[in-house]
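This report concerns only the one structure given below.
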Amino acid sequence: MKATKHIILLGILLFSMGCSDDDDKTLTPQDPAFVRFFLLVDNDGNPLEYPQFNGGLVPVTSYDHQSVLTLKIPVALTASSVSGNVTVNFETEQTNLSGISISPQNAVTFTPERLVDTIRVSITERWDPSANGQLKFNLISASDSNITIGMPNTNLPNDELIVNFNDFTLNYRFPADNQQEIIGEVGESKTFSVEFPNGYIASEISGLSLFEETTSDFAYSISQLPLNNLNRIDYTFTVNEDIQTDELQFRTRFTLNDIDGYNLAGNPNYTFIKPFVAFRDNATNTANNFYNLSDPFYRTFGEHWFDFNEDAICSWQTFFAFTFPVVVDADHPNAVLFDNMGTTEPEDDIYHHAFRIGFDSPNTTGTTNSFDMRRWFDNESSSQDNSPGFNITEAIEFFPTDGTSTTDGFVQVIEQDLLISNTNGEQFILSISGGGTYSEISPGLFEIILELTTANSDLFGGTRTDLYRIYNSNSYPEPLDLTENCNDPITL
């Protein structure tokens, strides 16, 4: 009953919002029950799927559908009480469209426990944007004569909904986290995906080779999984050769192929890597010195040797980045138990990598300033959707001296490709690598001395090198100036 009450209260709120000043009032048992379309669209033009809700939005009367994903149209019944099942009939008028499937076809059903039903519009063919395709839905009758069709006002009854099929773009990409680590055992398998944020037409994609190998050091096989998701295609990558030689690193890398009718908008590369293995005592847990999950805004602090003012004078530029552990599986060779979740069941245990840290934003739509990279550029986009590469969730790995030192050792930048964009939507791939040393320079204060190498032929004419000092606290001594040259900002 609680869920029913919440839905009724929600309907009351929207009833009030949709009425004029003359008929604005709270719904009471004496007021008529009513049914209407309840499609909410966010500021980016994306429809909310019930039970998603935003009290600042009003149900739309028309919507421009710009993807081939299934459109889910909520229909809501608002009543102080409902006895038994209620059926509401609707009709659909289709103009200049084909390959459209609507379910259910002509009626939605409500129960006392479920006062929202959904009409699903599935798409199996491309439409011609110039044809001005359209679906027009109308609610026409209810099995209960006490239920009014549409909200009882003249301004926004929501008994009619028009869906327009105009311009659309179908994009594809590899995920932003486009690298997986493998152990190198024969038969070891990993799942990865090609993403289609606006969906894909199965008949256009089926049988195509979406990507190809650019380099590989070992034997493997790939199998495509069934097409069960409209916004991604999943694959299984299987290792077919024993490559567990500790002293060697092995890598297989793929790049996406061109697909007619689809726009590559995102990371084009994906890598499986078996890193070289060095003895390290996990009890050392060096990474733990560089994050604090009890503080969601914990940061590491750094100095970047940089010509920020573009005056041909290099100086240390202060920056920070939000820093987090790297979560791994329990069987990872460098896993340390972080939290058993208060249970004796191992399935919900959380493990962290004892020697890796990453940089990420506590804001799900934002980015942090990994390696001060956001200062490298002018005209960059800092949103996570456009520039996921500014968040480097696996960034630095520690190698303690003799595998056991708690005070010093060397570090490596996790080699990977980063995707960033400018404010015009143009994308760039930055390939990063590098290394250095770390040490405890005073009790509890660690310093990383790091050299980062980044490759992009269009932006840098090849590679660039940047020098850093990174600390686990902002109480660090000012580093001495260097004699090396430095970089200045680049306009993307």
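Yes/no per residue for (1) surrounded by 14 or more Cβ atoms within 10 Å (Cβ to Cβ); (2) touching a helix residue (DSSP H, G or I) at 6+ places or on another chain (Cβ under 9 Å); (3) not small (Gly, Ala, Ser):
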position: Asn146; (1), (2), (3): no, no, yes
position: Ile162; (1), (2), (3): yes, no, yes
position: Asp167; (1), (2), (3): no, yes, yes
position: Asn198; (1), (2), (3): yes, no, yes
position: Ser203; (1), (2), (3): no, no, no
position: Phe211; (1), (2), (3): yes, no, yes
position: Asn231; (1), (2), (3): yes, no, yes
position: Val239; (1), (2), (3): yes, no, yes
Which of the following residues is within 22 Å of the chain's Cα centre (by Cα) and under 25 Å from Gly302 (Cα atoms): Asp329, Asp417? Asp417
Look at Leu492 and say whether it is hydrophobic (A, V, I, L, M, F, W, C) and modelled with pLDDT of 95 or more. no
Taking the condition of being basic (Lys, Arg) and surrounded by 19 or more Cβ atoms within 10 Å (Cβ to Cβ), how many residues in region 177-196 meet it? 0
Taking Thr365, is it β-branched (Val, Ile, Thr) and either surrounded by 18 or more Cβ atoms within 10 Å (Cβ to Cβ) or in contact with a strand residue (DSSP E or B) (Cβ under 7 Å, 6 or more places away or on another chain) (or both)? no
Could you please find all residues in region 29-69 being touching a residue at least 12 places away in the same chain (Cβ under 8 Å) and among the polar types (S, T, N, Q)? Gln52, Asn54, Thr61, Ser62, Gln66, Ser67
Restricting to region 131-180, count the residues that are in contact with a strand residue (DSSP E or B) (Cβ under 6 Å, 6 or more places away or on another chain), among the acidic types (Asp, Glu) and within 26 Å of Thr95 (Cβ to Cβ). 2
Index of the failed condition, Thr344 passing every other in (1) assigned to a loop (DSSP other than H, G, I, E, B); (2) under 30 Å from Phe276 (Cβ atoms): (2)
Any residue at all in region 283-306 that is in a strand (DSSP E or B), in the same structural domain as Leu419 (by TED's automatic domain parsing), of a type in the set (Phe, Trp, Tyr) and touching a Cys at 6+ places or on another chain (Cβ under 6 Å)? yes
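Every residue, every condition in (1) exposed (fewer than 12 other Cβ atoms within 10 Å of the Cβ); (2) among the charged types (D, E, K, R), yes or no:
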{"residue": "Phe297", "(1), (2)": "yes, no"}
{"residue": "Trp305", "(1), (2)": "no, no"}
{"residue": "Ala312", "(1), (2)": "yes, no"}
{"residue": "Phe319", "(1), (2)": "no, no"}
{"residue": "Phe324", "(1), (2)": "no, no"}
{"residue": "Asn334", "(1), (2)": "no, no"}
{"residue": "Glu347", "(1), (2)": "yes, yes"}
{"residue": "His353", "(1), (2)": "no, no"}
How many residues, within region 300-322, are touching a residue at least 60 places away in the same chain (Cβ under 8 Å) and within 24 Å of the chain's Cα centre (by Cα)? 2
Just one of Leu71, Leu57 is closer than 22 Å to Trp127 by Cα, assigned by TED's automatic domain parsing to the domain that holds Ile149 and surrounded by 14 or more Cβ atoms within 10 Å (Cβ to Cβ); which is it? Leu71
Test: Phe338 is within 28 Å of Phe446 (Cβ to Cβ) and assigned to a strand (DSSP E or B): yes
Region 374-408, residues that are out of contact with any strand residue (DSSP E or B) (no Cβ under 8 Å at 6 or more places or on another chain) and modelled with pLDDT under 95: Ser382, Ser383, Gln384, Asp385
Residues of region 270-282 satisfying the condition of being over 23 Å from the mean Cα position of the chain (by Cα) and either assigned to a loop (DSSP other than H, G, I, E, B) or closer than 27 Å to Ser216 by Cβ (or both): Lys274, Pro275, Phe276, Val277, Ala278, Phe279, Arg280, Asp281
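The values are calculated or read from the model by the stated rules, or taken from the named source; none is laboratory data. Computed from a prediction, not measured in an experiment: that's the story for all the values here. Positions of Cβ are backbone-derived with ideal geometry, glycine not excepted, and every protein chain shown enters the neighbour counts.
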